[in-house]
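Working notes, beginning with the structure itself.
The values are calculated or read from the model by the stated rules, or taken from the named source; none is laboratory data. Quick caveat, the model's predicted, so the values are computed rather than measured. Using ideal geometry, Cβ is built from the backbone for each residue, glycine included, and neighbour counts are taken over all protein chains shown.
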Amino acid sequence: MALFFDAAWFDAKLAERALDRAALTAASGLDRQELHRVFTNVRAPTAVELNAFAQVLGVDIVEVTLRSGVAERDQHEGADAVARIESIESRLDAIDRWIEEFEQTRRRA
């Protein structure tokens, strides 16, 4: 699944709160370099990081997840049924992994 981190949306939400990306690094435990990697689609944010981003921005975790590209939906116009099902299963697997990671983190907290 391709990532598309909506950096402009995150920056706009930060600006609404008179914050910058440093607030995300502080809340998530990332350093500036790692946050840059997330913002430039080099790596996906973890469940813990997404939760921290949602708290800083004051928005729902689902919106943060969608805007981070983790839950992005692929468009399969004209694709055959098998390809669509495989794509759906792949996305569900990613969501299941994210939920499992999130639940493990909450149990440790």
### Selected residue [exposed (fewer than 13 other Cβ atoms within 10 Å of the Cβ) and at pLDDT 95 or above] from 20, 96, 80, 60
20
### Message
within 19 Å of residue 98 (Cα to Cα) and touching a Phe, Trp or Tyr at 6+ places or on another chain (Cβ under 7 Å): which single residue out of 38, 42, 48 fits that description?
### Response
38
### Task
Could you tell me whether residue 72 is surrounded by 14 or more Cβ atoms within 10 Å (Cβ to Cβ), modelled with pLDDT under 95, under 25 Å from residue 99 (Cβ atoms) and not hydrophobic (A, V, I, L, M, F, W, C)?
yes
### Query
Taking the stretch 23-57 only, how many residues are crowded, with 16+ Cβ neighbours inside 10 Å, part of a loop (DSSP other than H, G, I, E, B) and either among the acidic types (Asp, Glu) or in contact with a helix residue (DSSP H, G or I) (Cβ under 6 Å, 6 or more places away or on another chain) (or both)?
1
#### Entry: Considering residues of the stretch 1-45 that are of a type in the set (Val, Ile, Thr) and free of Cβ contacts under 8 Å to residues at least 12 places away in the same chain only, the residue farthest from residue 70 (Cα to Cα)
25
